[in-house]
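Q: Structure below; questions to follow.
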Amino acid sequence: MSLLQLNGVKVHFPVRRGILFDRTVGHVYAVDGVSLSVEPGQTYGLVGESGCGKTTLGRAVLRLVDVTDGEVVFDGTDLAKLPDEEMRRFRRRLQMVFQDPLGSLNPRQNIESILSEGMEAHGIGANQAERRERIRGILARVGLPANALSRYPHEFSGGQRQRIGIARALVLEPDVIICDEPVSALDVSIQAQVINLLEELQQEMGLTYVVIAHDLAVVRHISDVVGVMYLGSLVEEAPSDTLYAEPRHPYTRALMSAVPVPDPEVEDNRERILLTGDLPSPANPPAGCRFHTRCPWKQETRCATDRPELRDLGGGHRVACHWAEEIADGRISPTHNAAQVVHGGHTEPAEPAGSAESTGAAAAVNTGKTEKAATAAE
Ligand SMILES: Nc1ncnc2c1ncn2[C@@H]1O[C@H](COP(=O)(O)OP(=O)(O)OP(=O)(O)O)[C@@H](O)[C@H]1O
């Protein structure tokens, strides 16, 4: 059985107006019907552009924001509708590690006090001496010096502060840790150390992770399963290796094509899908497929009218695109009239504007390549 299962989770924030902010004039559809499951001991990676609802989804699992609709089933109990009093029993078992370690640590508390706080609240340790012993053990395990106990957050480097954030979650002996952009505030040289630490801790303690990140490289390394979010919904989900080898949703393909390849020769020749246009507002999402306004493969039928459900392609690979198979085998090519092909930074216009009806505009100059480089016309 899954340890954590989300069924149709929605988080809609009301947009209020008026002098007293008492008039609801609309909603921000931050999370709009997400279903996924996370198995015990697994890492589920959640990726997507800024504003797609990743953080809100993580916060909804912990009930830090109210769930508008849907279920958050943790270890057999739906947390979404649980009264606050009962939710307290589960709080300890679900912890979060934040992006900005300094911002999430009280600068006036020393490390012992920061780490003791949650333990006291959850009745862990009979007294302070016992709690201190436990904190010492955890600090050593996350690679911090013993004298860290009496020091303050500003005395540590960024990487050390993230280790404190991890220790703060660990002292509560959680089952699930939601890591929200755990390394994006850190130097690249430090990122791998923190990721490795998270992996080691997972193996030793049997932890289950949900790792939220905009950086595909981070998620790839650490995740068993990856879910890609766009404008409040999951558009694709697959075992990590499958997703990276065979991305099926146009948005996932665009995200992947933006990741640089370390080999300069490959990097110079590889093609990229450049998405133009801003992410639409989650307060006013497009009808039909939410990605259709930026999708190079947009079709006249269905895309603007029918919202695609996540459907199973087999082997745990799910995709929310009406045309995933046709795009994959080349039966559908990019359809817009402002296609660009980017070769290692050199931009060449494809067919002249107006050739949209020749649906192979970008494909024509991409013959034999796996990725189609294109920009959306809108
Ligand atoms: N409390 C709130 N009230 C109203 N709107 C909110 C609230 N919290 C988030 N939003 C909106 O919900 C949308 C999703 O935000 P969220 O922070 O979950 O995205 P994200 O993918 O995690 O982005 P980032 O990586 O920038 O944090 C955004 O448009 C955001 O402005």
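Q: For the chain, take N as its residue count and report Rg(C-alpha) divided by 2.2 N^0.38 Å. Walk me through the numbers on the way to the answer.
A: Working: Rg = 22.8 Å, N = 378, 2.2 N^0.38 = 21.0 Å.
Against the empirical 2.2 N^0.38 Å value, I get 1.09 for the chain.
Q: Also, quick follow-up: Place +1 on the Cβ of every Lys and Arg and -1 on the Cβ of every Asp and Glu in the range 18-126, take the dipole about the Cα centre, and give the residue among Val28, Leu79, Gln109 whose Cα lies farthest towards its positive end.
A: My answer, from the dipole projection, is Gln109.
Q: Quick one: Ile273, Ile222, fewest Cβ neighbours within 10 Å first, how do they rank?
A: Ile222, Ile273
Q: Here's another thing I want to ask about it. Among residues other than Val261 whose Cβ falls under 10 Å from its Cβ, what is the net charge (Lys/Arg +1, Asp/Glu -1)? Show your work: numbers first, answer last.
A: Working: positive: Arg270; negative: Asp263, Glu265, Glu267, Asp268.
Neighbour charge sum, excluding Val261 itself: -3.
Q: Also: Filter the chymotrypsin sites (Phe, Trp or Tyr not before Pro) in the range 1-80 down to the DSSP loop ones having no more than 11 other Cβ atoms within 10 Å, then list what survives. The partial results should precede the final answer.
A: Values: sites: Phe21, Tyr29, Tyr44, Phe74; in loops: Phe21.
The qualifying sites are Phe21.
Q: Among Asn284, Ala146, Gly159, whose Cα projects farthest towards the positive end of the dipole of the chain, with charges put on the beta-carbon of Lys, Arg (+1) and Asp, Glu (-1)?
A: Comparing the listed Cα positions along the dipole, Ala146 ranks first.
Q: Let me have the relative contact order for the chain, percent, based on Cα pairs under 8 Å that are six or more residues apart.
A: Relative contact order, the chain: 16 percent.
Q: Any chance you could run the full-extension gain for Ala146 through Thr77? It's 0.36 nm times the residue separation minus the Cα-Cα distance, nm to one decimal.
A: Result for the pair: 21.0 nm of gain on full extension.
Q: Fully extended, how many nm does the chain gain between Asp69 and Glu267 (0.36 nm per residue separation, minus their Cα-Cα distance)?
A: The Asp69-Glu267 span can extend by a further 66.9 nm.
Q: May I pose another question? Stretched out fully, how many nm does the piece from Ser157 to His122 gain, at 0.36 nm a residue minus the Cα gap? Numbers along the way, then the final one.
A: Numbers: separation 35, 0.36 × 35 = 12.60 nm, distance 2.88 nm.
Result: 9.7 nm gained on full extension.
Q: In a GNM of the chain with a 10 Å cut-off on Cα contacts, which of Leu64, Leu36, Leu274 has the highest mean-square fluctuation?
A: Sorting by GNM fluctuation, first place goes to Leu64.
Q: I've got another one for you. Based on other C-beta atoms within 10 Å, arrange Thr56, Thr242, Thr276 from fewest to most. Mind dumping the intermediate values first?
A: On the way: Thr56 21, Thr242 18, Thr276 14.
Fewest-to-most Cβ neighbours within 10 Å comes out as Thr276, Thr242, Thr56.
Q: Let me ask something additional. For His154, His249, what ranking results if the residue with the fewest other Cβ atoms within 10 Å of its Cβ goes first?
A: Fewest-to-most Cβ neighbours within 10 Å comes out as His154, His249.
Q: Something else now. Using a 7 Å offset from the Cα along the Cα-to-Cβ direction at both Asp22 and Met205, what is the distance between the two label points in nm, to one decimal?
A: 4.7
Q: So, with +1 on the Cβ of K and R and -1 on the Cβ of D and E, and no other charges, what is the size of the charge dipole of the chain about its Cα centre, to the nearest 20 debye?
A: So the magnitude is around 1080 debye.
Each reported figure results from applying straightforward, stated rules to the coordinates on display, with no laboratory input. Bear in mind the structure is a predicted one, so any value in this text is a computation, not a measurement. In this analysis, Cβ positions are derived from the backbone assuming ideal geometry, glycine residues included, and neighbour counts consider all displayed protein chains.
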